[in-house]
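Here's the structure, in structure tokens; my notes come after.
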Amino acid sequence: VHARTRAKPYDTDALAALVARTAARGGHVRVVGTGHSSSDILRSDDVLISLDDWSGIIAVDPERKEARVRPSTTLDNLGARLYEHDLALPNYGDVATQTIAGAVGTGTHGSGRTLQNLSQMLVGATMVDGMGHMRRFRVEDGVPFRAAQVALGTLGIFTELTLRLVPTYDLERREYATSTDAALDHLKELIAGNRSFDFYWYPRRDDVKLRLLNPLGGGVRALPYARLLERTEGHSHRVTPTHTGIPHHFEECEYAMPIDQGPRCFRAVRARILDRWRATVGWRVLYRTVAADNALLSSASGHDIATISLHQNATLPWAAFFADIEQIFRSHGGRPHWAKKHGMHAAEIAPLYPHWKDFHGVRAQCDPHGVFLSPSMRALFFGAEA
Ligand SMILES: Cc1cc2nc3c(=O)[nH]c(=O)nc-3n(C[C@H](O)[C@H](O)[C@H](O)COP(=O)(O)OP(=O)(O)OC[C@H]3O[C@@H](n4cnc5c(N)ncnc54)[C@H](O)[C@@H]3O)c2cc1C
């Protein structure tokens, strides 16, 4: 990650002093978790802070099913530790290598008709704000809290997060191969009938892998149009994330659109890839759904969403491919994933978020000197000329 200086403060006082000092000289800081985000949100032309050692569970409240956790706890570690307390995360994305602060702060999500993104676990947080002051957010605070849930590290630096969890649960994962047309014909029932459902579309073969995650014995059982490839079961934190390690050999672009737009958008994406990109892009396309929330900058803010992600080998040209398909995403009301590659500008992003101004009102209060606004963040929020 690009930065002029790297810093690793070991306690809250040192962190707060570093932010206050940088703000006083008109500089800026960004904070990095595991650095998985591939958009420009991590880039700092000044100070980049890492809180690697700020990891682990601070306390668990079994009655309220809540846990106070440190910001750099990875989801892997969190899931395993919570299991010892009979608690679990309601969902994960495809991997569990991210930090909780990075996953919450970018609205990282998995799939599921009634499952929300990971920022929705948050019920309280402590941050060092842009003046170097400690600031607490609680769900009862309303708008400021909803701003803090998905804030890309621009309201403050999380020093502690309080998460609302669920009792431990087991899941069965089933994966099937089928034709693209069969998947689309049965899409509605697959989304409605499974706890978590998504599919990968493979452009070269023009076929599909369906992935179903359900309580044991639950979900859609009859899929006469598909061939079972694999079945696994176990604790949710073992079965839900599928990839281990950090496969940094691909680039990714993802947009979220209102759920009803999803199938039409996917059909248009499929047609365009088959027409123009099949020979150069063999990498899969992922289709998921996420339930609505009210975090101001969440990609699911205000409505249920379908998400479509493009992947391309990082050593091959990806920019023209992504830019071409992004036009289709945008024409279906798509919001770009904050943590992945996209080519949208501030003036195009702002109208997609009804609470854009409210977010920036809270942001300005928390960070009046703009210490968290690196040039890249400034461009993303206010435009290149800002
Ligand atoms: C292999 C892979 C698979 C992925 N799968 C999914 C998926 O299934 N679903 C999905 O939605 N996304 C997915 N992503 C995106 C990923 O979840 C996000 O990039 C996430 O932010 C990564 O977490 P991180 O710890 O690396 O955060 P980073 O990328 O390091 O940081 C992300 C943001 O959080 C901020 N931040 C970090 N720490 C703090 C802190 N202490 N306080 C305040 N702000 C902080 C940073 O400033 C930055 O703005 C995937 C990425 C990869 C590389």
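The values are calculated or read from the model by the stated rules, or taken from the named source; none is laboratory data. Keep in mind that this is a model prediction, so the values were computed, not measured. Don't worry about glycine lacking a Cβ; one is built from the backbone with ideal geometry, like all the others, and counts go over all protein chains shown.
Observations
- Residue within the range 285-293 that is among the aromatic types (Phe, Trp, Tyr), touching a residue at least 12 places away in the same chain (Cβ under 8 Å) and buried (at least 18 other Cβ atoms within 10 Å of the Cβ) present: yes
- Among the conditions (1) in contact (Cβ under 8 Å) with a residue 60 or more places away in the chain; (2) in contact with a helix residue (DSSP H, G or I) (Cβ under 8 Å, 6 or more places away or on another chain), residue 192 misses just one, which is (2).
- Being of a type outside the set (D, E, K, R), without any contact (Cβ under 8 Å) to a residue 40 or more places away in the chain, on the phi < 0 side of the Ramachandran plot and not in a strand (DSSP E or B) is true of residue 220.
- Residues that are aliphatic (A, V, I, L, M) and in a strand (DSSP E or B) within the range 273-307 comprise 285, 286, 290, 305, 306, listed in sequence order.
- Scanning the range 277-314 for residues that are within 16 Å of the ligand (Cβ to nearest atom) and more than 21 Å from residue 256 (Cβ to Cβ) gives 313, 314.
- Positions within the range 337-349 being buried (at least 16 other Cβ atoms within 10 Å of the Cβ) and touching a helix residue (DSSP H, G or I) at 6+ places or on another chain (Cβ under 7 Å), in sequence order: 338, 339, 341, 342, 346
- Sole residue being surrounded by 21 or more Cβ atoms within 10 Å (Cβ to Cβ), touching an Asp or Glu at 6+ places or on another chain (Cβ under 8 Å) and touching a residue at least 12 places away in the same chain (Cβ under 8 Å), chosen from 265, 253: 253
- Qualifying residue in the range 146-156 (condition: assigned to a helix (DSSP H, G or I), among the aliphatic types (A, V, I, L, M), at pLDDT 95 or above and within 14 Å of the ligand (Cβ to nearest atom)): yes
Rundown of residues vs (1) touching a residue at least 40 places away in the same chain (Cβ under 8 Å); (2) over 13 Å from the mean Cα position of the chain (by Cα), yes/no style:
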| position | (1), (2) |
| --- | --- |
| 36 | yes, no |
| 73 | no, yes |
| 108 | yes, no |
| 119 | yes, no |
| 122 | yes, yes |
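- Here residue 167 meets each of (1) free of Cβ contacts under 8 Å to residues at least 40 places away in the same chain; (2) of a type outside the set (Ser, Thr, Tyr); (3) within 24 Å of residue 83 (Cα to Cα) with one exception, condition (1).
- Checklist (1) modelled with pLDDT of 95 or more; (2) out of contact with any helix residue (DSSP H, G or I) (no Cβ under 6 Å at 6 or more places or on another chain) applied to residue 94, failing item: (1)
- For the condition out of contact with any Lys or Arg (no Cβ under 7 Å at 6 or more places or on another chain) and at pLDDT 95 or above, residue 350 qualifies.
- Single condition residue 316 does not satisfy, out of (1) free of Cβ contacts under 8 Å to residues at least 40 places away in the same chain; (2) of a type outside the set (Ser, Thr, Tyr); (3) surrounded by 15 or more Cβ atoms within 10 Å (Cβ to Cβ): (3)
- Test: residue in the range 355-373 that is out of contact with any Ser or Thr (no Cβ under 6 Å at 6 or more places or on another chain), closer than 24 Å to residue 261 by Cα and not aliphatic (A, V, I, L, M): yes
- Listed by first and then second residue, the pairs with beta-carbon distance under 9 Å, at least 6 apart or on different chains, first residue in the range 128-145 and over 11 Å from residue 18 (Cα atoms) and in contact (Cβ under 8 Å) with a residue 40 or more places away in the chain, second of a type in the set (Asp, Glu) and surrounded by fewer than 19 Cβ atoms within 10 Å (Cβ to Cβ), are 143/358.
- Only a single criterion out of (1) under 14 Å from residue 378 (Cα atoms); (2) touching a Lys or Arg at 6+ places or on another chain (Cβ under 8 Å) is not satisfied by residue 54, namely (1).
- Conditions (1) surrounded by fewer than 22 Cβ atoms within 10 Å (Cβ to Cβ); (2) at pLDDT below 95; (3) within 14 Å of the ligand (Cβ to nearest atom); number of the one not met by residue 12: (2)
- Taking the range 41-93 and the strands (runs of 3 or more DSSP E) fully enclosed by it, the elements with 3 or more residues that are within 14 Å of the ligand (Cβ to nearest atom), under 30 Å from residue 370 (Cα atoms) and aliphatic (A, V, I, L, M) are at 47-50.
- Contact annotation: residue pairs with Cβ atoms under 6 Å, 6 or more positions apart or on different chains, pairing a residue in the range 89-104 that is free of Cβ contacts under 8 Å to residues at least 60 places away in the same chain and within 18 Å of residue 128 (Cα to Cα) with a partner that is buried (at least 23 other Cβ atoms within 10 Å of the Cβ) and not aliphatic (A, V, I, L, M), are 104/119.
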